[in-house]
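This report refers to the structure that appears directly beneath it.
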Amino acid sequence: MSKAEIGFYMWTSNKNMQCLPAACFLFNEFWPVEQNVKILGYERPTFKLPDNFEFISMGTQRGPKFWSNDMLDYYSSCSDNYIYPIWEDTFIVKPVDLKFLDIFEHVAKTDKDFFKFNLTADVSSRPHNIIKPGDTADLIEAAQTSDYRLSTQHCIWDREIFLSKLKVNQTPWDFELNDSDSRNDGLNIYATKRNYAVYMGHLYKNGKKRAQWSDCVYGTNGNCTHNIAGLDPKYIKFIEENNWVPEI
């Protein structure tokens, strides 16, 4: 397998797209190699994006319940074997360690029941099994009965299985909360524990800007080998001064 088989995407909406400059800036700052990313949205941005980001309009935005329809339409015709989508407001706040993508590559290549690989501490915060202990990080697998097995938070998905889990007229929240279609499905969801590829912040919640938008979401929950404070103050200052994380 080649890492070129992973399609990198950023998902956005007309309302949230105003934070794309911050999301793109932080991605480029912390992803250690130059990486092309496709942004899937609706209305085209009026601001300039970095050269390695391509905006693709999925047409007219019809509302959250048509999110799954748009995902089905787009990803049914794309050629990526694996997809890594990122919500525009789940910022990367620390340098990414690409050795974790080597772990993804190994399990995806060797496990016929591979479904997805989570790059954050999301899986380790819920029931899981340790598959392979390591010196600084453990390889884990989500329990078949775990909640949020369809979480969309910084995961590399098998594209065809992702498509098979989507239902017509689902919001993103409907999709993530569809435990009946994801528990005990025999598919394997991998992640790491104690150290992670991606440490992320979260800008918006319930339509409001979070006061702690620059904090690492899982930085102090005990699943990391050390507490992660979040985004360096110099980046916070730069982003705030450019008004890249506005209220919505």
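The figures follow:
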| quantity | calculated |
| --- | --- |
| Single residue of the range 156-178 satisfying the filter (surrounded by 16 or more Cβ atoms within 10 Å (Cβ to Cβ) and polar (S, T, N, Q)) that is farthest from residue 197 (Cα to Cα) | 170 |
| Residue in the range 151-159 that is of a type in the set (Val, Ile, Thr), within 18 Å of residue 85 (Cα to Cα) and assigned to a strand (DSSP E or B) present | yes |
| Checking residue 147 against (1) part of a strand (DSSP E or B); (2) at pLDDT below 95, the condition it does not meet | (1) |
| Condition met for residue 56 (among the aliphatic types (A, V, I, L, M), under 28 Å from residue 238 (Cα atoms) and free of Cβ contacts under 8 Å to residues at least 24 places away in the same chain) | yes |
| Of all residues in the range 107-125 being charged (D, E, K, R) and crowded, with 16+ Cβ neighbours inside 10 Å, the one that is modelled with the highest pLDDT | 116 |
| Condition met for residue 40 (at pLDDT 95 or above, in a helix (DSSP H, G or I) and not small (Gly, Ala, Ser)) | no |
| Filter result (surrounded by fewer than 17 Cβ atoms within 10 Å (Cβ to Cβ) and either among the small types (Gly, Ala, Ser) or outside any loop (DSSP other than H, G, I, E, B) (or both)) within the range 43-54 | 54 |
| Qualifying residue in the range 189-200 (condition: modelled with pLDDT of 95 or more, buried (at least 16 other Cβ atoms within 10 Å of the Cβ) and farther than 29 Å from residue 28 by Cβ) | no |
| Condition broken by residue 10, with the remaining ones in (1) in contact (Cβ under 8 Å) with a residue 40 or more places away in the chain; (2) of a type in the set (A, V, I, L, M); (3) not in a strand (DSSP E or B) satisfied | (3) |
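So that you can scan it fast, the table gives a plain yes or no per residue for (1) closer than 23 Å to residue 174 by Cα; (2) in contact with a Gly (Cβ under 9 Å, 6 or more places away or on another chain); (3) free of Cβ contacts under 8 Å to residues at least 60 places away in the same chain:
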| residue | (1), (2), (3) |
| --- | --- |
| 21 | no, no, no |
| 30 | no, no, no |
| 49 | no, no, yes |
| 61 | yes, yes, yes |
| 66 | yes, no, no |
| 81 | no, yes, no |
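The values are calculated or read from the model by the stated rules, or taken from the named source; none is laboratory data. What you see is a predicted model; the values in this text were computed from it and never measured. Neighbour counts run over all protein chains shown; Cβ positions are idealised from the backbone, glycine included.
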